[in-house]
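**Student:** The structure under discussion is supplied below as structure tokens; questions concerning it will follow.
The values are calculated or read from the model by the stated rules, or taken from the named source; none is laboratory data. Source: prediction; values computed, not measured. Reconstructed Cβ throughout: ideal geometry from the backbone, glycine too, with neighbour counts over all protein chains shown. For accessibility, only protein heavy atoms count, side chains too; no ligands or nucleic acids. Shrake-Rupley method; radii C 1.70, N 1.55, O 1.52, S 1.80 Å.
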Amino acid sequence: MNESTPPESLYGNVPVAPVAKAPTLLEQVVAVFTEPEALFKRLEATPVWGGALVLMTVLNTVVSVLWARKVDVDAMLRPMMEANPKIPAESIDNIIAMQGKMILPFSVLGGLLGLAIVSLVMALVYWVISSWTAEGRKPSYRQAFSATVVSGLVATPKFVLLGIICALKNIGGAKPDALSPTSLGFYLAPDSVKLHAFFNTMDLFTFASLFILFLAARHTMRLKVSGAALCVAVSALLMIALPVLGAR
């Protein structure tokens, strides 16, 4: 039988529904900025994530390595250590020297594994939230992971920008989150470490990521508005509250 001929039944030829085609990585990168709602509706039927995860991991690793090779470890760590009464003054130089040797391998390891681990955990959290906030059938974990990873593509321009900045500029002791001109912390550097960390999280791409995640939760995971909003709240806690609480 010719492959193009529809199968026959007792009622004649039966039309076969076309198989949904997953969006390519290029389509995902473009659509996350131009047609995010349509993209995440496609991902409900074809929840892919591999290409997006590889791309973001590569960008994250490149930025981490470039930063680790250029950062002035002494300028970054000494003020914090001198302000900490628990650290003996005579130990500061040795600690900084040791940290200077470890910063590059740790940056490489964090760049390669950090994004994947965070994505796996956050997708699990969103999947659990979907247990009582889904519209109809509960989404699969694969749909949750696809929504988590692909929504992160909206931060691609920031990674590229940070890579260029780390490669071309003298960054001193600045951390990556303080280097992006899209963040408030790039322009304001108060004496308070926690306040500066908060300003660093006030980034255009932080808010863009939260908005895109809401669309992904609504259309790929098919969550109710309340469920999608809860996913955004959890993500905001991770992206904003934790950096501020962990700042020293």
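**Student:** With springs only between Cα atoms under 10 Å apart, run a GNM on the chain and tell me which of Ala38, Ala52, Ala20 wobbles the most.
**Tutor:** The residue that fluctuates most here is Ala20.
**Student:** For the chain, which whole-number percentage of the solvent-accessible area (1.4 Å probe, protein heavy atoms only) is attributable to carbon and sulfur atoms?
**Tutor:** The nonpolar share, carbon plus sulfur, comes to 68 percent.
**Student:** Compute the long axis of helix 156-168 from its Cα atoms, compare it with the longest principal axis of the Cα atoms of the chain, and write down the angle in degrees, 0 to 90, nearest 10.
**Tutor:** The two axes meet at around 30 degrees.
**Student:** Need the list of lysines near Lys224 for cross-linking: C-alpha distance under 24 angstrom, and skip anything on the same chain fewer than eight residues off.
**Tutor:** Lys41, Lys138
**Student:** Let me ask you something else. Of Tyr141, Tyr187, Tyr126, which has the most accessible area and how do the rest follow, probe 1.4 Å?
**Tutor:** My answer, sorted largest first, is Tyr187, Tyr141, Tyr126.
**Student:** Hey, another quick one. Please tell me which of these pairs span more than 30 angstrom C-alpha to C-alpha: Lys21/Lys175; Lys169/Lys194; Lys86/Lys175; Lys86/Lys194?
**Tutor:** Lys21/Lys175
**Student:** Give the angle, between 0 and 90 degrees and rounded to the nearest 10, that separates the Cα long axis of helix 141-151 from the longest principal axis of the Cα atoms of the chain.
**Tutor:** Roughly 60 degrees between the two axes.
**Student:** Expected output is a single nm value to one decimal: the length gained when fully extending between Ser226 and Val121, i.e. 0.36 nm times separation in residues minus the C-alpha distance. What is it?
**Tutor:** 35.7 nm
**Student:** Keeping all protein chains in place, calculate the accessible area per residue for the chain (probe 1.4 angstrom), answer in Å².
**Tutor:** 56
**Student:** Moving on. Tally Lys and Arg at +1 and Asp and Glu at -1 over the other residues with C-beta under 12 Å from the C-beta of Gly227: what net charge comes out?
**Tutor:** Summing Lys and Arg as +1 and Asp and Glu as -1 gives +3.
**Student:** So how much accessible area does Glu37 have, in Å² to the nearest 10, using a 1.4 Å probe?
**Tutor:** Ignoring ligands and nucleic acids, Glu37 comes out at about 80 Å².
**Student:** Kindly state, to the nearest 0.05, the FRET efficiency for Leu161 paired with Ala97, given R0 = 45 Å and r defined as their beta-carbon distance.
**Tutor:** 0.90
**Student:** Helix 204-219 versus the longest principal axis of the chain: what is the Cα-based angle in degrees, 0 to 90, to the nearest 10?
**Tutor:** 30
**Student:** Follow-up question, since we're still on this one. Compare Ala144, Ala83, Ala178 in a GNM of the chain, Cα atoms joined below 10 Å, and give the one with the largest fluctuation.
**Tutor:** Among Ala144, Ala83, Ala178, the largest mean-square fluctuation in the Gaussian network model of the chain belongs to Ala83.
**Student:** Given the options Ala89, Ala116, Ala31, state which has the largest fluctuation in a GNM of the chain using a 10 Å cut-off (strictly under) for Cα springs.
**Tutor:** Ala89
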